[in-house]
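Report on the structure given below.
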Amino acid sequence: MGDPKAFLTIHRKEAGYRPVHDRIHDFGEVEQTLNSNDRRQQASRCMDCGVPFCHWACPLGNKPPEWNDALYKGDWELAYRLLNSTNDFPEFTGRICPALCEKACVLNLMEHEPTTNREDEAAITEHAFEENYVRIHHPERNGMKVAVIGSGPAGLVAANRLNLSGYTVTVFEKNEDAGGLLRYGIPNFKLNKAVIDRRMDVLRAEGIEFKFNQNINVEKLPDGFDAYVIATGTPQARDLNIPGRDLKGIYFALDMLAQQNRVLAGMEFKREELVNAKGKDVLVIGGGDTGSDCIGTAHRQGCRSVTQIEIMPKPPVGPEDPQNPWPNWPRTLKTTSSHEEGCTRRWNINSLKFIGKDGKLTGVEVQEITWKPNPEGGRPLMEPVGKPEVIKADMVLLAMGFLKPQQPKFAPNVFVAGDAASGASLVVRAMAGGRDAARQVDAFLSAK
Ligand SMILES: Cc1cc2nc3c(=O)[nH]c(=O)nc-3n(C[C@H](O)[C@H](O)[C@H](O)COP(=O)(O)OP(=O)(O)OC[C@H]3O[C@@H](n4cnc5c(N)ncnc54)[C@H](O)[C@@H]3O)c2cc1C
Ligand code: SF4
């Protein structure tokens, strides 16, 4: 630890977002960066705790005290080596990880001013690319071949680890480019796609082969491989089958988000194919992160208004939820950059039916509800409160999560990773899953 007392005098400082009036007109990343001096000062606040809860909280087991110390001392290269030893792609988590480590930081318990690990990660990695610390490896081949199905964060990490261990790796991807939800889900204002392209250049130079537009039937895997990693994510979004579902103007969140990212990548769509919020009153059904990404995208497309409704109660506001104490992830109200850009948010709202005219959506009938404890235990019971009301909307975006895929019984040389194994989760968890799958493949093939 470089400065044992820095946390007493230096406060947490976040780089913050670009001003709303500036960022709302483009899809550039909203988050700013600190200068190197401030960044190193932030790193100096890490206390190198005897029991570092950040290791425990990070699904990758990242070691913030080690790389924060190197960063504080100005050894950016060492900081990157330490970070990259547990995190294959810190440029992704540095931008979009909810930073479970920061919630478990001892400085969060005492002062609610945890270290800025996520931003430190992004800064270290940007510096590493600028200074050419990111080296191209040429691993010695061991003669065995592995196929990875799906190129989201789980598939990319599995491919990277196996490739570096000497396997010849081919990635089969359904889409026209790599990244999974990093590329065709998460908006560019959270993650610029050039960041994925830059990493793809490294992976290709190191020998991984990518085959795009390959929709693989996982029950009939391609021949010629010693083992397989299935990292196909959670392709099926949860639907809302209430009356009026067939009206024009109701979309799944990813219909809009994926298309917008493709438009920004230069793809052209026919007018009638466009899922665009320009001039519309938008209702987002689902109060989570996907819904929030829809809000930010709708604003940038020029919507007239945007409302987000959630069936569950409003989470507690404030740094601590007594039901879920430190160092666990606190279930508290999250206000994202997209919410800051303007949005009506409502909780405890159930959707009853879609309303339309001439086949087109005009609104959604909803009703306020309350949750009562279930006398038989289990999930609380929903009870209506008051009268139904109509929220005016000519566009609805369904952002209610994804169904957990049911995987078939696979042969012993097939391993499932990421959201395909766990159900919808986080990038950092998918990456940890990809790393675990790579370990399992290696153990299986080494034993053979
Ligand atoms: C809108 C949105 C925003 C999100 N924001 C965040 C965030 O800010 N932070 C965060 O941590 N997490 C976020 N998540 C969650 C995160 O993106 C996922 O948990 C993560 O991408 C899962 O990684 P994965 O590799 O398991 O699957 P995916 O990223 O879904 O990748 C699966 C890949 O497999 C491919 N595939 C599927 N079937 C086949 C097939 N049969 N043949 C070939 N290829 C196939 C798909 O095309 C895709 O490329 C967000 C999710 C969404 C939907
Ligand atoms: S990946 Fe996420 S949880 Fe892990 S150290 Fe980085 S910001 Fe923290």
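Tabulated data
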read-out: Filter result (closer than 20 Å to Val364 by Cβ and within 13 Å of ligand 1 (Cβ to nearest atom)) within segment 264-292; value: Val284, Gly286, Gly288, Thr290, Gly291, Ser292
read-out: Complete set of residues in segment 1-55 that are surrounded by fewer than 13 Cβ atoms within 10 Å (Cβ to Cβ) and among the hydrophobic types (A, V, I, L, M, F, W, C); value: Leu8, Val51
read-out: Among the candidates Asn175, Asn132, residue that is within 14 Å of ligand 1 (Cβ to nearest atom), at pLDDT 95 or above and open to solvent by 20 Å² or more (accessible area, probe 1.4 Å); value: Asn175
read-out: Odd one out for Ala443, checked against (1) free of Cβ contacts under 8 Å to residues at least 12 places away in the same chain; (2) part of a loop (DSSP other than H, G, I, E, B); (3) not charged (D, E, K, R); value: (2)
read-out: Pick from segment 135-153, criterion open to solvent by 10 Å² or more (accessible area, probe 1.4 Å) and not in a loop (DSSP other than H, G, I, E, B), ranking: farthest from ligand 1 (Cβ to nearest atom); value: Lys145
read-out: Check on Ile216, out of contact with any helix residue (DSSP H, G or I) (no Cβ under 6 Å at 6 or more places or on another chain) and within 12 Å of ligand 1 (Cβ to nearest atom); value: yes
read-out: Cβ-Cβ under 6 Å pairs, at least 6 apart or on other chains, segment 93-115 side near ligand 2 (Cβ under 9 Å from one of its atoms), far side of a type in the set (Phe, Trp, Tyr) and at pLDDT 95 or above; value: Ala104/Phe53
read-out: Scope segment 178-208; condition within 16 Å of ligand 1 (Cβ to nearest atom) and assigned to a helix (DSSP H, G or I); matching residues; value: Leu181, Leu182, Arg183, Tyr184, Val195, Ile196, Asp197, Arg199, Met200, Leu203
read-out: Filtered residues of segment 301-339 (kept if more than 19 Å from Thr290 (Cα to Cα), touching a residue at least 40 places away in the same chain (Cβ under 8 Å) and either of a type in the set (S, T, N, Q) or in contact with a strand residue (DSSP E or B) (Cβ under 7 Å, 6 or more places away or on another chain) (or both)); value: Asn328
read-out: Qualifying residue in segment 410-430 (condition: basic (Lys, Arg) and under 14 Å from the mean Cα position of the chain (by Cα)); value: yes
read-out: Failed criterion for Val282 (all others in (1) under 26 Å from Arg18 (Cβ atoms); (2) not assigned by TED's automatic domain parsing to the domain that holds Ile355 hold); value: (2)
read-out: Any hit, segment 255-263, residues being basic (Lys, Arg), within 16 Å of ligand 1 (Cβ to nearest atom) and in the same structural domain as Val416 (by TED's automatic domain parsing); value: no
read-out: Meets criteria (modelled with pLDDT of 95 or more and in the same structural domain as Ala424 (by TED's automatic domain parsing)) for Gly94; value: no
read-out: Residue match in segment 372-392 (condition: β-branched (Val, Ile, Thr) and outside the structural domain of Lys280 (by TED's automatic domain parsing)); value: no
read-out: Test: residue in segment 115-122 that is assigned to a loop (DSSP other than H, G, I, E, B) and either in contact with a Phe, Trp or Tyr (Cβ under 8 Å, 6 or more places away or on another chain) or open to solvent by less than 10 Å² (accessible area, probe 1.4 Å) (or both); value: yes
read-out: Pair list, Cβ < 7 Å and 6+ apart or interchain, from segment 51-68 residues that are more than 20 Å from Leu426 (Cβ to Cβ) to residues that are within 9 Å of ligand 2 (Cβ to nearest atom); value: Trp67/Leu83; Asn68/Asp120
read-out: Residues within segment 418-435 that are closer than 16 Å to Thr232 by Cβ and either within 13 Å of ligand 2 (Cβ to nearest atom) or in a helix (DSSP H, G or I) (or both), tallied; value: 11
read-out: Failed condition for Gly401, given (1) closer than 30 Å to Ile216 by Cα; (2) in contact with a helix residue (DSSP H, G or I) (Cβ under 8 Å, 6 or more places away or on another chain); (3) open to solvent by 40 Å² or more (accessible area, probe 1.4 Å); value: (3)
read-out: Of all residues making up segment 184-205, the number that are away from ligand 2 (no atom under 16 Å from the Cβ) and open to solvent by 10 Å² or more (accessible area, probe 1.4 Å); value: 11
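The values are calculated or read from the model by the stated rules, or taken from the named source; none is laboratory data. Please read all numbers here as calculations on a predicted model, not as lab measurements. So basically every Cβ, Gly included, is an ideal-geometry build from the backbone, and we count neighbours across all protein chains shown. Only protein heavy atoms, including side chains, enter the accessible area calculation; ligands, DNA and RNA are left aside. Shrake-Rupley method; radii C 1.70, N 1.55, O 1.52, S 1.80 Å.
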